[in-house]
1. Provide the net charge surrounding B:Gly83, with neighbours chosen by a C-beta distance below 12 Å and charges set as Lys +1, Arg +1, Asp -1, Glu -1.
2. Roughly how many nanometres apart are two label points built 7 Å out from the Cα toward the Cβ at A:Asp410 and B:Asp162?
3. Excluding same-chain residues fewer than 8 positions from A:Lys234, which lysines have a Cα within less than 16 Å of its Cα?
4. Mind checking which of A:Gly310, A:Gly254, A:Gly182 has the largest fluctuation in a GNM of chain A, springs on alpha carbons under 10 Å?
5. Sort B:Arg24, A:Arg341, B:Arg377 by Cβ crowding within 10 Å, fewest neighbours at the top.
6. Taking the label point as lying 7 angstrom from Cα along the Cα-to-Cβ axis, what are the distances from B:Ala413 to the corresponding position in the remaining copies, in ascending order and in nanometres?
7. Relative to a virtual label point 7 Å from the Cα of B:Thr155 in the Cα→beta-carbon direction, which members of the stretch B:119-145 show backbone nitrogen distances below 19 Å?
8. When only alpha-carbon atoms count, how far does the protein assembly as shown stretch along each of its three principal axes, as whole angstroms with the largest first?
There are 2 protein chains.
Amino acid sequence: MPPPPPAPVAMSATLAADEALARRRLAGERVLSMASGEIGLPVPPALRERLAAAADENAYGPVPGSPALREAAAGYWARRGIGVDPGRVVAGPGSKSLLFALLLAIGGDVVVPVPSWVSYAAQARLAGADPLPVRTPPGEGGVPDPELLREAVLTARAAGRDPRAVVVTVPDNPTGTIASPGTVRRLAAVARELDLVVVSDEIYGDLVYDTGAPAESPALHAPERTVVTTGLTKNLALGGWRTGVARLPDGEPGRELHARLVSVASQIWSSPPAPVQTVAAYAFGEPPEVTERIAASRRLHEAVVRAVAGHFTAAGARLAPVRATCYLYPDFVPLREQLSRVHGVRGGDDVARFLSERHGVGVLPASAFGEPAEALRIRVATSRLYGDTDEQRLAALAAPDPLALPWIRDSVAWVGEAVASLATTTAP
Amino acid sequence: MPPPPPAPVAMSATLAADEALARRRLAGERVLSMASGEIGLPVPPALRERLAAAADENAYGPVPGSPALREAAAGYWARRGIGVDPGRVVAGPGSKSLLFALLLAIGGDVVVPVPSWVSYAAQARLAGADPLPVRTPPGEGGVPDPELLREAVLTARAAGRDPRAVVVTVPDNPTGTIASPGTVRRLAAVARELDLVVVSDEIYGDLVYDTGAPAESPALHAPERTVVTTGLTKNLALGGWRTGVARLPDGEPGRELHARLVSVASQIWSSPPAPVQTVAAYAFGEPPEVTERIAASRRLHEAVVRAVAGHFTAAGARLAPVRATCYLYPDFVPLREQLSRVHGVRGGDDVARFLSERHGVGVLPASAFGEPAEALRIRVATSRLYGDTDEQRLAALAAPDPLALPWIRDSVAWVGEAVASLATTTAP
């Protein structure tokens with residue numbers, strides 16, 4: 001075989017960390033999985049039954065997904081103020097696949113926020129594009145600072161590069177924060193000024209703790225150029241079922257992008273799994289048992305995230321208030337000197353290694369999210385702390401105080417001890 | 001939004017044709033779908049039940065697929081003389097997605113046979129590669145003529161291009177033929193000489209009519225460089241379930257390619273749908289009800305393909321003996337003069353248009369498979385003729401003489417009339 005070309009991308013950091021932790025657990029080690037954002041909750045019974053009932057569906061169906069799924073997704077968005085013609089909805093085998101196909105369909109280079117989800121930059125490289133990193137404003141993850149975005153795009157264009165899109169995450173992974181409405185509006189204005197497509201990953205949209213203050217979609221402010229993606233992976237824990245949806249813009253440019261996306265989809269995946277589409281159509285209709293389950297998981301995430309966050313702030317880490325998701329992104333910069341002196345810890349990778357090797361707590365360093373190695377930040381996910389069995393996980397969903405459940409209390413205490421040990425001012 | 005760049009790829013010709021025919025049918029028109037190779041047969045009951053039982057599986061699981069699925073796929077290949085370490089098996093959401101990810105993982109340009117499946121060349125372009133077309137030997141579809149392959153690769157390299165892989169289809173779509181063992185051996189030798197990866201799409205492997213003479217995999221002759229892909233889309237009609245598997249080579253280069261493929265998969269699809277993986281693990285184990293269903297569908301394809309082929313040869317078209325799949329690829333070149341004179345038909349596109357517009361028979365022109373527009377060839381798929389209901393389709397599978405069933409008899413007669421009308425020597 002030919003000498004292998006340089007690896008185009010590394011393994012997804014979240015999935016790699018997950019598999020490494022699974023191997024350690026299999027080897028008998030006691031480990032706490034806080035590296036990946038996979039939601040450790042069972043399939044809601046109504047959806048399980050509907051998948052079973054759809055087990056005779058084996059036709060591909062239309063490339064962009066079944067009419068029922070597209071209509072249900074359009075209704076889901078309409079209830080959030082961003083209604084869309086179902087003909088502009090494209091379903092795919094996970095929003096990860098849709099995001100990648102969008103980059104192929106849009107072409108050119110793409111701006112990604114720093115920090116941001118592990119796969120945007122890797123997908124850009126696989127699509128033959130250069131990811132242009134732009135920092136988010138302090139305390140507001142997921143949306144590149146609009147002024148820095150303008151500067152970066154103009155500089156890149158002057159250098160002959162071709163940025164055509166900006167990816168945003170609203171609410172944000174990895175920080176659990178939400179870009180302010182003002183930032184989203186300015187982002188939309190700059191995107192219009194620079195003629196950029198906004199790809200808005202809203203997979204955490206249903207996991208905003210304060211349901212009275214939902215995250216604002218750029219689609220509200222730049223409807224003619226914003227593509228929204230979401231799925232059932234986070235709100236309903238159906239990651240392993242692989243179905244996501246994209247909402248393409250109205251108007252002629254949106255029509256063209258839709259046609260290009262469907263063409264790409266037809267060549268690289270054909271259609272999302274048919275039985276899952278049928279369940280997804282039901283779920284996006286938001287019947288009571290679905291909204292109740294989402295509400296319960298949102299409350300559970302919030303309770304556990306806040307308890308874990310308390311340990312980090314008590315240890316002296318800096319942490320923007322977490323307002324959504326099951327993530328926190330503590331910054332140990334106030335402890336820089338002592339971390340270096342006591343443990344030889346000088347960056348996020350060192351923090352993650354310390355927590356993993358000394359305490360069996362798996363987290364991801366900031367470098368996995370596009371930050372420099374010296375950034376003393378890590379991403380911590382609470383979504384695997386809810387139990388090891390369906391019984392425990394259902395109890396966690398139902399509990400008025402999930403922190404009173406022994407398995408959750410113990411896990412949270414475990415993180416607490418690990419963080420306290422990291423923050424100690426005297427050599428161990 | 002920025003001015004759209006030139007469309008990187010067109011919509012998959014099979015899927016586009018299918019949707020166009022579905023629209024015509026919906027509008028009340030009487031149409032016969034012979035354009036796409038989607039297998040119109042129901043889910044085997046044992047697999048339907050297993051999917052229902054797996055409806056509580058919602059975890060991603062390992063990127064390359066569950067251990068059970070990888071072991072079952074390795075066993076499937078071992079029974080065909082190409083055993084493999086399950087650690088070298090990668091499952092994906094359909095072999096279409098796996099083929100694309102392989103092109104991304106291998107990098108460089110790729111040789112594709114002419115004619116060949118509609119998506120290879122499109123996928124190469126999406127992966128940023130140039131597809132290098134090389135003709136297959138007369139009467140043997142799916143494998144580029146080894147001598148022409150050598151010439152094309154050396155010429156391309158001399159011109160600064162970087163061909164690193166050759167895709168083959170064994171047995172072949174679109175022609176329903178099988179490359180001879182001698183051709184496969186020479187292909188393997190040339191691939192070794194030129195240091196090319198062979199990507200062998202063997203999705204039709206179980207649909208060889210003479211089970212005593214299976215198609216020979218290049219993995220037998222160039223094991224160190226051959227990747228084999230397959231799935232359950234064709235043998236078990238599970239296209240809509242989206243699961244395929246790839247068998248990576250042994251040895252160090254195979255290990256590297258495996259790691260690269262898993263990295264790409266982790267960034268663009270995460271893992272195949274979990275409940276489907278569980279069923280696929282069962283199916284690749286080939287229990288009796290699965291092998292019986294595959295045998296029944298193979299007999300059905302053969303009976304109907306032969307009957308349809310008879311109409312084409314009776315009309316004067318040239319046709320290599322169909323030995324596998326549900327396809328035939330008749331060549332109207334012996335009728336060139338009369339087709340032009342009587343109907344103004346001057347290429348495969350004209351033939352397809354004539355059959356569709358005059359007779360409601362949907363087929364694909366040779367141009368969809370990379371052939372020039374003047375090639376008077378079309379691909380005809382019989383896989384949708386088996387019935388409109390599950391009852392009819394099960395009866396077709398069970399029938400000792402499927403051609404005696406009225407709905408199949410009528411459809412075959414319909415094609416026969418359409419072909420006879422095309423071949424008429426006098427103006428209509």
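1. Values: positive: B:Arg79, B:Arg80, B:Arg88, B:Arg247; negative: B:Glu71, B:Asp85, B:Asp250.
Local net charge: +1.
2. For A:Asp410 paired with B:Asp162, the spin-label model returns 5.3 nm.
3. Qualifying lysines at Cα under 16 Å: A:Lys96.
4. Of the options given, A:Gly182 has the highest mean-square fluctuation.
5. A:Arg341, B:Arg24, B:Arg377
6. Result for B:Ala413, in nm, nearest copy first: 8.1.
7. B:121, B:130-138, B:143-145
8. 94, 57, 53
Quick note: the coordinates plus some simple rules give every number you see, no bench work behind them. Being a predicted model, the structure only gives us computed values, none of them experimental. Note: ideal-geometry Cβ built from the backbone for every residue, glycine included; neighbour counts use all protein chains shown.
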